[in-house]
Amino acid sequence: MAQTHSTALASLARQLGRPPRDVAFLEALDDAARQQLTRDIEHAQSLHAQSLRDAMEGALNQLPRLLRIPIRTLFGL
Amino acid sequence: MDRPTELRRLARLLHRDTDALDYLAPLDAAHLMQLRRLLQEAFIERFAGTFKRLAAGGRLIPDALNAKLCTGVFGPALTANLSYFTPIDQAVRLAKHFDDDFLTDTARHQVPERAQALLAALPVEIMRGVTRKLLAAQEFAIMGGFTDYLPEDKALVLVKEIHGPAERLRVSAYAQRKDRIARIMAQLDDDAVAAQIAAAAAEPELMHEVVLTLAEMPAPEQQRMARISDRVDPALRGALKAQLAADPIAPRMSAYFEA
């Protein structure tokens, strides 16, 4: 049980890109709540990442075709 | 710190209704805020490398061209993310090239905590247009979030752009710093305060905001609010006192109740 507990916290810490001590306050949640939070964060991160990728694609598509690949490489898009 | 305010802000970030976050009940307001900040930082950091490189490139080109790239190519979401990595003086110069619509769309994508230095440096005139646009679109959550991080003198100027008393309270429902809201409310004239109290009396949810704000006021201000409150409705204070009898906030409103 303790292992599940710490695994769930480690997973949340990874999702948020933080060391586990930064999410220690989430120990107040039970297993089901931590799992739901993990799913909600995943959902929100995916929506956010998709909206930024769409915006980047939209920006690149406005550039001449020949410039797109070097700009992608230069800026890591 | 008000838990429902923080829950609303977190729910918005997670694209969920507040009811769907009942499972977070064991977390208090401070922990909800901590969670929201971690999430916002994670969003920004995930693409930080790209935006740092783009912002570095932006330093090498003239402002007018850079602004054209922002409005014509990058769009508001990318510009908001670029703003976190752009030197403040340059970001202010660029903002002066943007129209109100583009600034407003960019503000919708910004994390106010990360934009704090920019908010301090931006001329309030630029923010007026954004305030009007956000208000017209009823973007109370965004406005409330910015209210927490605007310098207070600018916040007061901008609050006066919000003419509807109920709308002011809806913005404050998303602001976590009720102490700042209290100081801003204290600077409004009696008629403006009366209008806010009357609006709150008509909507219980808004009255909650007035209560939270009153509790942050020093005794002399609470006494002034009591006088204005009696002007609006002489029965209001008594009704509120009875309603909040068992609420831990009541002792912090004693000057208002006993005036």
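Miscellaneous remarks
- Under 22 Å between alpha carbons - lysine pairs in chain B that sit 8 or more apart or on different chains: 11
- Label sites at A:Gln62 and B:Asp28, each approximated as a point 7 angstrom past Cα along Cα to Cβ, lie 4.7 nm apart.
- As a calculated quantity, the FRET efficiency between B:Ala239 and B:Glu203 at R0 = 22 Å, using C-beta atoms, amounts to about 0.95.
- When Rg and the Kirkwood radius Rh are both evaluated on Cα atoms of chain B, their ratio Rg/Rh stands at 1.02.
- A helix-only calculation puts chain A at -25000 deg cm²/dmol for mean residue ellipticity at 222 nm, using -39500 (n - 2.57) for each DSSP H run of at least four residues, averaged over all residues.
- Build a GNM of chain A with springs between Cα atoms under 10 Å apart, and of A:Leu47, A:Leu60, A:Leu26 the one that fluctuates most is A:Leu60.
- Isotropic mean projected area of the C-alpha convex hull, the stretch B:1-113 (nm²): 8.0
- Span from the the stretch B:131-191 Cα centroid across to the the stretch B:211-229 one, whole angstrom: 18
- Taking the convex hull of the alpha carbon positions in the stretch B:52-151 and averaging its projected area over all directions gives 5.5 nm².
- Springs between Cα atoms under 10 Å define the GNM used for chain A, and in it the highest mean-square fluctuation of A:Arg18, A:Arg34, A:Arg65 occurs at A:Arg65.
- q = 0.12, 0.14 Å⁻¹, the stretch B:164-259: log10 I(q)/I(0) [Debye, one scatterer per Cα]: -0.30, -0.42
- Couplings 3J(HN,Hα) of the stretch B:13-27, computed from phi: 5, 8, 6, 10, 7, 4, 4, 6, 9, 4, 5, 8, 3, x, 8 Hz, in residue order, whole Hz [Karplus 6.51 cos²θ - 1.76 cosθ + 1.60, θ = phi - 60°; x for Gly and Pro].
- In this simple spin-label model, placing a label point 7 Å from the Cα along the Cα-to-Cβ direction at both B:Ala219 and A:Asp54 gives a separation of 5.7 nm.
- Couplings for the stretch B:239-256, taken from phi via the Karplus curve 6.51 cos²θ - 1.76 cosθ + 1.60 with θ = phi - 60°, read 5, 5, 4, 5, 5, 9, 3, 9, 8, x, 6, 3, x, 7, 10, 4, 5, 5 Hz in order; Gly and Pro are left as x.
- Near B:Arg227: Cβ cut-off under 14 Å, other residues only, Lys/Arg at +1 and Asp/Glu at -1. The net charge is -4.
- Dividing the radius of gyration of the alpha carbons in the protein assembly as shown by their Kirkwood radius gives 1.02 for Rg/Rh.
- FRET efficiency for the B:Ser254 to A:Ser11 pair, using the beta carbon distance and R₀ = 30 Å, is estimated at 0.05.
- Cα-based equivalent ellipsoid of the stretch B:1-46: semi-axis lengths in Å, sorted from largest, via gyration tensor: 17, 12, 8
- For the residues of A:64-71, the average number of beta carbons from a partner chain within 10 Å of their own beta carbon is 0.
- Once the mean of 1/r is taken over each pair of separate Cα atoms and inverted, the stretch B:117-191 shows a Kirkwood hydrodynamic radius of 12.2 Å.
- Phi to ³J(HN,Hα) by Karplus 6.51 cos²θ - 1.76 cosθ + 1.60 over the stretch B:146-156, Hz, x for Gly, Pro: 5, 4, 5, 10, 7, x, 4, 5, 6, 4, 5
- Estimated 222 nm signal from helices in chain B, with DSSP H stretches of n ≥ 4 weighted -39500 (n - 2.57), rounded to 500: -20000 deg cm²/dmol
- The gain in end-to-end length when the B:Asp99 to B:Glu113 segment is fully stretched comes to 2.7 nm, 0.36 nm per residue minus the alpha carbon separation.
- Calculated P(r) tail over 15 Å for the stretch A:5-77, as whole % of Cα pairs: 64
- Within 10 Å of each Cβ in B:90-96, the average number of Cβ atoms from other chains: 0
Since every read-out is calculated from the coordinates, none of them should be taken as a lab result. Bear in mind that the values here come from a model prediction, so they are computed numbers and not experimental data. A quick note on method: Cβ atoms are made from the backbone with ideal geometry, for glycine too, and the neighbour counts reach across all protein chains shown.
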